Structure formats: C-alpha cells, structure tokens
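The values are calculated or read from the model by the stated rules, or taken from the named source; none is laboratory data. Here the structure is a predicted model, which is why all the values come from computation and not from measurement. Here the Cβ is made from the backbone with ideal geometry for all residues, glycine too, and neighbour counts use every protein chain on show.
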Amino acid sequence: MDNLNAYFGLLTEPFSKELPAKNLFITAQLKTLFERLTTLLKRRGMALITGEVGSGKSTAIRAFAERLDKKQIDFIYVADPTVGMRGIWRTISGGLALQAAYFKWQMMSEIKAAIEKNYHDYGKTTVVVIDEAQLLKLSELEELRLFTNYRIDSHSPLTLILLAQPEFSRQIRLKALEAFTQRLVFRMHLTGLTEKEAHAYVKHQLDVAGRTDTLFTDDVVTEIFQQAKGVPRIINTLCYECLMQTYLTQKNIVDMPTLEKVMIEYDGL
C-alpha cells in the first residue's frame, strides 16, 4: 500500500471506502437526495431509499449525517436488522443514552418517552436509520409502523429512514403492508453514476488522494463505467486494481491493456 502510494505520488489511499464524508463526490442524484432528506426532517415521518449493492446508500446517509447539527438531531444508525426487533430497540436505546430494559415493551416505552422529552425539552428530532431493511420480517415492519404511529401529527419528533436493496420495493407492495407504504413520506432509488459523473468521480478520488494530473486514460474510465454499470463500489474496486497492476508492471498511466488484465483476473467484475 505505502509503496503504491509512493510510486504514484499519492498522499492517501485512493478509491477507499474509508473516504471521509466531507470528501464525498456529490452527484446530481445525491444533491436531490440531501434536499429531500432535509425536507423530511422538517416534515418528519418515514422514508425509503433503495439501490443496488454498492450504489452508495450507506455512504450517502453517513455524509448527510455529518451535515446535521448534533444539538438539533439525535442520529441513530442500525447497521444489521437481523439482530431482531429486540436488538434494534436495544441499539436505539443506546443511541439515546438509555440503559436498555430487559423486556421489549419496557424498552419501547422508554424510547418513546425519551424521544418526546428530547423534542419538547430540547427541540431535538430523533432520526433512526435502518440499513439492509430488505432483511426485516413483515412482522418487524409492522412493529416499526405501529411504533412511529404513536405521534402522527405535524409535531412528531421521530424520523425513520429505511435503506434497502431494490427487491424491498416489491416486498412492500404486498397488501399486508399497505398501511406501511401509506406512511412513507417519500421514496427514492439510487441508480449510480452517469458516464460523465464517472469521469469526474475518478478525477475527484485522485485529487483527494493528492494526484491532480491524468492517471487513467479516458477510454479506460469509460470502459470501467460500462463494466461497473455506474455502481461506485465496483468503480472503486476496478480503479484500485488497475492502479495496483500499473504499479506492478512499472507503468506511468492506466491504459486499456492494464484494465483488460484486471478484468480477466476478476472474471469480468
């Protein structure tokens, strides 16, 4: 890693998933998402954000959370919903600095009380984000709906955001979840980068890492975009592996033969 960075004159690792939120590349779609989320915080309620694996849902939410005023917002992120509702309530309790009760109904009651107290006493809104929501059971979705139903007027202090893969939209079309879908203030599907954005994205990643001149040829970036179908995570993987292959062959620029070798090794990834 250090040798690769030194070879290309990079200050930090490029195309890393650990990129600070402040350095996130803002696409037109992400700008729209941030605007809609900002409006959601004012209206409060439930929202659904879908996208393929690697499309940047979690990264986008993390970047949005960084922009929030911590004095105004309690932001709670649930990464793994397979812990079940007891585990989810326990995570929310911890996010609100509560000592989680033994019984689930007690936890839910204490969470509701804390959310309302924070809102009425300190003017704070609670935002709960549940990632990988497609893994939630129907009964768990209904439990979440009922929980958010305890205050349904314009002064509700709770906002719930679900992040999910595209199949979740098909799941919630089931008639059994009609009440759930009616509670969604908005839905948005992240489609990945456009070709123009992909070129700007690669340049941005290298700029952040400390390399401002051309390192990838235009035809390479175009091909990477096409192979990745615009998905940022796959673009990151292919770009990084291209850099590694370029370093190993002691070249100075990422060219098509380099990308072709990477594609063979990664079986078309």
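Please specify each residue of region 197-241 satisfying the condition of being surrounded by 18 or more Cβ atoms within 10 Å (Cβ to Cβ), modelled with pLDDT of 95 or more and farther than 23 Å from Thr59 by Cα. Within region 197-241, Phe216, Val220 meet the criteria. Just name the residue that is farthest from Leu184 (Cα to Cα) out of those in region 11-29 that are among the aliphatic types (A, V, I, L, M) and surrounded by 18 or more Cβ atoms within 10 Å (Cβ to Cβ). Ranking the candidates gives Leu19 first.
Of all the listed residues (Leu163, Leu135, Leu184), the sole one being crowded, with 17+ Cβ neighbours inside 10 Å and within 23 Å of the chain's Cα centre (by Cα) is Leu163.
For Glu116, state whether it is outside the structural domain of Val231 (by TED's automatic domain parsing), over 27 Å from Val53 (Cα atoms) and in contact (Cβ under 8 Å) with a residue 24 or more places away in the chain. I'd like the intermediate steps shown before the answer.
Numbers: outside the structural domain of Val231 (by TED's automatic domain parsing): yes; over 27 Å from Val53 (Cα atoms): yes; in contact (Cβ under 8 Å) with a residue 24 or more places away in the chain: yes.
Yes.
Being within 24 Å of Ala63 (Cβ to Cβ) and either in a helix (DSSP H, G or I) or in contact with an Asp or Glu (Cβ under 8 Å, 6 or more places away or on another chain) (or both) is a property that Ser169 has.
Collect the residues in region 94-113 that are part of a helix (DSSP H, G or I) and surrounded by fewer than 19 Cβ atoms within 10 Å (Cβ to Cβ), keeping them in residue-number order. Break it down into steps so the answer makes sense when it comes.
Kept after step one, since they are part of a helix (DSSP H, G or I), are these residues of region 94-113: 94-95, 104-113.
Matches in region 94-113: Gly94, Gly95, Lys104, Trp105, Gln106, Ser109, Glu110, Lys112, Ala113.
Is it true that Met46 is closer than 21 Å to Ile115 by Cα and without any contact (Cβ under 8 Å) to a residue 60 or more places away in the chain?
The answer is no for Met46.
Restricting to region 70-93, and then to whatever is within 21 Å of the chain's Cα centre (by Cα) and farther than 24 Å from Gln134 by Cβ, can you tell me which residue is surrounded by the most Cβ atoms within 10 Å (Cβ to Cβ)? So the residue we want is Asp74.
In region 201-216, the count of residues that are in the same structural domain as Glu52 (by TED's automatic domain parsing) and more than 22 Å from Asp131 (Cα to Cα) is zero.
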